[in-house]
Amino acid sequence: MVSPLDIVKKKRAEAISRIIGKGYLAPKRVYVGMATCEIAAGSKDVMEVFEKAVRQGLAGVYLSQKGCAGRCNLEPTVEVVEEGRIPVKYGKVTAEMAQQIVERHLKKGETIKDWVIK
Amino acid sequence: MAVRYQITLCDGPTCMHKRSKEIDAALERELASRGLSGKVDISLSGCLGMCAKGPIMIVNPGYTIYGGVSENDIPEIVEKHLVRKQPVSRLIIEEDHLYNRFFRVFGDVNFFGRQMRIALRNCGIIDPENLDDYLSVRGYEALAKVLSAMKPEDVIAEVKSSGLRGRGGAGFPTGLKWELTAREESEEKYVICNADEGDPGAFMDRSTIEGDPFSVLEGMIVGGYAVGAHKGIIYIRAEYPLAVKRLEKAIEASRNEGFLGTNILDSGFSFDIEIRLGAGAFVCGEETALIHSIEGHRGMPRPRPPYPSVQGLFDKPTLINNVETWANIPVIILDGAAWFSSIGTEKSKGTKVFAIAGKIKNTGLVEVPMGTTLRQIIFDIGGGIPNGKKFKAVQTGGPSGGCLPEAYLDTKIDYESLAQAGSIMGSGGMIVIDEDSCMVSIARFFLEFTQNESCGKCTPCREGTKRMLEILTRITEGKGAEGDIEKLERLGNMIKKASLCGLGQSAPNPVLSTIRHFRDEYEEHIKERKCRAHFCARLVRYEITDKCAGCAACRKVCPAGAISGIVKNRHEIDQAKCIKCGLCYKTCKFGAINKV
Ligand SMILES: Cc1cc2nc3c(=O)[nH]c(=O)nc-3n(C[C@H](O)[C@H](O)[C@H](O)COP(=O)(O)O)c2cc1C
């Protein structure tokens with residue numbers, strides 16, 4: 001008999017392959033905070049910048065929203081996660097900064113140190 | 001060494017006990033001897049929950065966890081891992097606790113690294129609107145485990161032995177509550193999630209739901225199975241539209257995948273969840289008022305017993321728990337009660353989420369093991385008080401809680417020790433107060449809130465809080481009278497004893513605790529008509545000093561015509577005419593006006 005645990009394990013495997021199908025294994029994963037607090041601080045504009053960049057063909061990037069990590073006065077926050085590197089966490093990101101993150105970090109691999117949360 | 005390594009040493013009590021301070025020193029020495037000082041970042045974390053395998057060291061990038069590390073292992077780790085980039089396999093431990101994912105992404109930042117995230121384990125990590133993301137982090141595995149291999153009694157026994165206590169404020173043992181609901185004979189039972197979150201300044205539950213609604217659902221389904229209920233209700237305030245939307249999406253996705261509805265995962269167990277919106281009254285967070293509100297009645301409490309476990313929603317046995325309580329359940333099932341109860345203090349197990357705000361550098365959500373001190377939260381994680389100001393007090397527990405002064409900073413976070421100190425754990429609000437705040441006004445602020453929110457059903461709360469507020473208002477306006485403090489104490493204690501529900505029973509706490517710890521400030525207000533924080537507008541005197549350049553700006557803005565003077569000469573304030581609006585103070589470009 002198939003147990004609930006077997007069913008969940010199968011569903012998990014399927015879920016993971018769907019996530020991978022959406023490009024999860026890309027060299028860079030970008031997460032934008034989209035809780036009420038983050039949105040109030042302007043994260044929708046930030047998300048739009050990344051979405052537009054992806055629409056216009058920015059390659060090698062997996063974009064996702066996330067809830068808030070809880071660092072209120074540094075919101076909106078954006079994380080760039082890359083295999084083999086410590087995830088970079090940017091704070092107080094504006095639409096203009098997001099554009100810079102696209103150009104400098106996502107395209108050229110530069111961590112913009114001044115904006116990183118310590 | 002092109003990669004910049006970051007090393008985290010566990011600074012939790014157990015690892016500390018196993019000499020991690022010596023490891024720290026050995027590491028510094030070894031790095032120095034190889035000329036690597038300053039090229040590796042070292043940080044200390046709070047308890048990492050791997051105490052049995054401590055002392056723990058984590059090397060990033062890569063998130064390699066070393067366990068049982070001693071000083072003698074340090075040269076090898078530095079040589080092999082940091083220089084030659086080959087992890088030392090004999091020391092690596094595999095840990096698959098649920099919270100690790102959060103630490104992987106955020107652990108190197110001090111604010112996060114010192115936390116331990118169990119309830120908030122997925123917040124900031126997964127896409128809260130995507131069930132696939134939740135499944136990928138072992139989502140719904142706890143439910144599956146329960147349905148596959150545990151009887152309802154087993155689940156209850158597990159929750160009981162975990163030591164989990166309710167996170168909604170009162171700290172009632174969760175397992176016992178489940179047992180009391182389970183043993184009632186009834187065809188119909190209900191499970192409720194209390195997401196009313198009415199404390200001003202609190203946002204733990206909102207963040208939990210907005211960051212990971214699935215964990216709450218999973219906890220509720222497990223709870224339903226354990227007590228024999230088939231229907232769950234989430235009571236959430238309408239002011240949380242995004243949280244509501246994410247819950248709706250999560251419920252629908254979970255139903256489509258067979259985690260909710262009839263015959264869940266082919267187990268024969270059926271359970272479904274619906275959402276009820278509250279209009280945002282503080283008293284509707286109280287469980288009996290909440291139940292009335294769901295039933296369509298006015299949100300007013302009733303005396304207990306009977307407790308909801310016996311006679312709850314529509315008079316049926318009802319299990320009601322807080323959002324954070326529910327979010328802990330999947331972890332207890334998967335990582336085990338033994339692991340969960342290894343974290344925390346003797347009587348308070350696991351972690352607690354706090355929303356820290358007020359006069360603090362790093363405002364935010366903090367989840368720490370029970371037993372962490374207030375000082376560690378406020379200074380090590382919160383970064384202390386901004387602008388060089390002095391710490392004065394910390395308010396915990398919101399309008400039902402109290403203020404603790406500096407002498408209590410080493411109080412450990414747990415239900416009993418906070419109560420002993422004169423405050424409460426509450427649901428997790430934590431407001432830091434600096435020297436510029438007036439304690440009488442803070443007490444007045446909270447009492448004004450509870451007074452407004454008092455439902456009016458019982459006299460002590462309805463009338464008593466009103467009288468207390470009148471007295472406090474008088475004191476802050478400089479009209480306090482001898483005996484007011486005693487009157488506040490008498491009224492406060494009476495209201496606590498005689499009120500019908502928890503609202504009235506705790507409403508006087510902010511006043512009583514500030515009288516206990518800051519009595520001299522009350523006395524100054526009453527006897528000397530003085531507010532040392534210069535906060536109470538009526539008690540402030542504005543004076544113009546020698547720095548005055550005679551620009552006449554203050555004279556022009558004064559709405560009362562209280563300032564006189566000749567241009568280029570020092571001006572003067574007629575105290576009899578002054579209405580203490582503070583406009584002159586704000587206008588003066590020379591800093592020539594003092595508040596005294
Ligand atoms: C005035 C008042 C307000 C309350 N508000 C809340 C609330 O917003 N959220 C909550 O979970 N519990 C609240 N409670 C506590 C609930 O009555 C109840 O104890 C709790 O939901 C039980 O869940 P727990 O055991 O998981 O903490 C409140 C209690 C009182 C007296």
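Annotations
- If the condition is being closer than 13 Å to B:PHE446 by Cβ, within 16 Å of the ligand (Cβ to nearest atom) and either touching an Asp or Glu at 6+ places or on another chain (Cβ under 8 Å) or acidic (Asp, Glu) (or both), then segment B:461-512 contributes only B:LEU503.
- Subset of segment B:147-168 that is open to solvent by 50 Å² or more (accessible area, probe 1.4 Å) and among the aliphatic types (A, V, I, L, M) - its residue that is nearest to the ligand (Cβ to nearest atom): B:ALA157
- Among the numbered conditions (1) away from the ligand (no atom under 14 Å from the Cβ); (2) at positive phi; (3) under 18 Å from the mean Cα position of the chain (by Cα), the only one that B:GLY171 does not meet is (1).
The rows are residues; the columns are (1) surrounded by 16 or more Cβ atoms within 10 Å (Cβ to Cβ); (2) in contact (Cβ under 8 Å) with a residue 40 or more places away in the chain; (3) not in a loop (DSSP other than H, G, I, E, B).
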| site | (1), (2), (3) |
| --- | --- |
| A:LYS10 | no, no, yes |
| A:SER17 | no, no, yes |
| A:ILE20 | no, no, yes |
| A:GLY23 | no, no, no |
| A:ALA59 | no, no, no |
| A:GLN65 | yes, no, yes |
| A:ALA98 | yes, yes, yes |
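- Applying the criterion of at least 2 residues that are among the polar types (S, T, N, Q) and assigned by TED's automatic domain parsing to the domain that holds B:ALA195 to the helices (runs of 4 or more DSSP H) found wholly in segment B:275-347 leaves B:287-295, B:323-335.
- Residue count, segment A:56-87 (criterion: more than 7 Å from every other protein chain (Cβ to nearest Cβ), more than 17 Å from B:CYS123 (Cα to Cα) and of a type in the set (Val, Ile, Thr)): 1
- Considered as a group, the residues in segment B:88-109 that are within 7 Å of chain A (Cβ to nearest Cβ) and assigned to a helix (DSSP H, G or I) include one that is surrounded by the fewest Cβ atoms within 10 Å (Cβ to Cβ), and that residue is B:VAL105.
- Residue in segment B:245-257 that is under 24 Å from B:GLY299 (Cβ atoms) and open to solvent by 20 Å² or more (accessible area, probe 1.4 Å) present: yes
- Any hit, segment B:249-258, residues being over 28 Å from B:ALA289 (Cα atoms) and not in a helix (DSSP H, G or I): yes
- The set of residues in segment B:421-453 being within 16 Å of the ligand (Cβ to nearest atom), assigned by TED's automatic domain parsing to the domain that holds B:ASN493 and either charged (D, E, K, R) or open to solvent by less than 20 Å² (accessible area, probe 1.4 Å) (or both) consists of B:PHE446, B:LEU447, B:GLU448, B:THR450, B:GLU453.
- Residue in segment B:238-250 that is more than 16 Å from the ligand (Cβ to nearest atom), out of contact with any strand residue (DSSP E or B) (no Cβ under 7 Å at 6 or more places or on another chain), more than 14 Å from chain A (Cβ to nearest Cβ) and not basic (Lys, Arg) present: no
- The one condition in (1) touching a helix residue (DSSP H, G or I) at 6+ places or on another chain (Cβ under 7 Å); (2) more than 8 Å from chain B (Cβ to nearest Cβ); (3) open to solvent by 70 Å² or more (accessible area, probe 1.4 Å) that A:PHE50 fails to fulfil: (3)
- Residue among B:ALA537, B:ALA553 that is in contact with a Lys or Arg (Cβ under 6 Å, 6 or more places away or on another chain), open to solvent by 20 Å² or more (accessible area, probe 1.4 Å) and among the aliphatic types (A, V, I, L, M): B:ALA537
- Selection within segment B:180-198 - within 16 Å of the ligand (Cβ to nearest atom) and either buried (at least 24 other Cβ atoms within 10 Å of the Cβ) or free of Cβ contacts under 8 Å to residues at least 40 places away in the same chain (or both): B:THR181, B:TYR190, B:VAL191, B:ILE192, B:CYS193, B:ASN194, B:ALA195, B:ASP196, B:GLU197
- Checking B:ASP41 against (1) over 20 Å from B:TYR5 (Cβ atoms); (2) within 14 Å of chain A (Cβ to nearest Cβ), the condition it does not meet: (1)
- On inspection, B:ILE573 fails the criterion of being buried (at least 18 other Cβ atoms within 10 Å of the Cβ) and either within 26 Å of B:ILE433 (Cβ to Cβ) or hydroxyl-bearing (Ser, Thr, Tyr) (or both).
- Residue check, B:ALA144 more than 30 Å from B:ILE356 (Cβ to Cβ) and open to solvent by 50 Å² or more (accessible area, probe 1.4 Å): no
The values are calculated or read from the model by the stated rules, or taken from the named source; none is laboratory data. Since the model is a prediction, treat every value here as computed from it, not as a measurement. Heads up, the Cβs are rebuilt from the backbone with ideal geometry, glycines too, and the neighbour counts pull from every protein chain shown. With ligands, DNA and RNA removed, areas are computed over all heavy atoms of the protein, side chains included. Shrake-Rupley method; radii C 1.70, N 1.55, O 1.52, S 1.80 Å.
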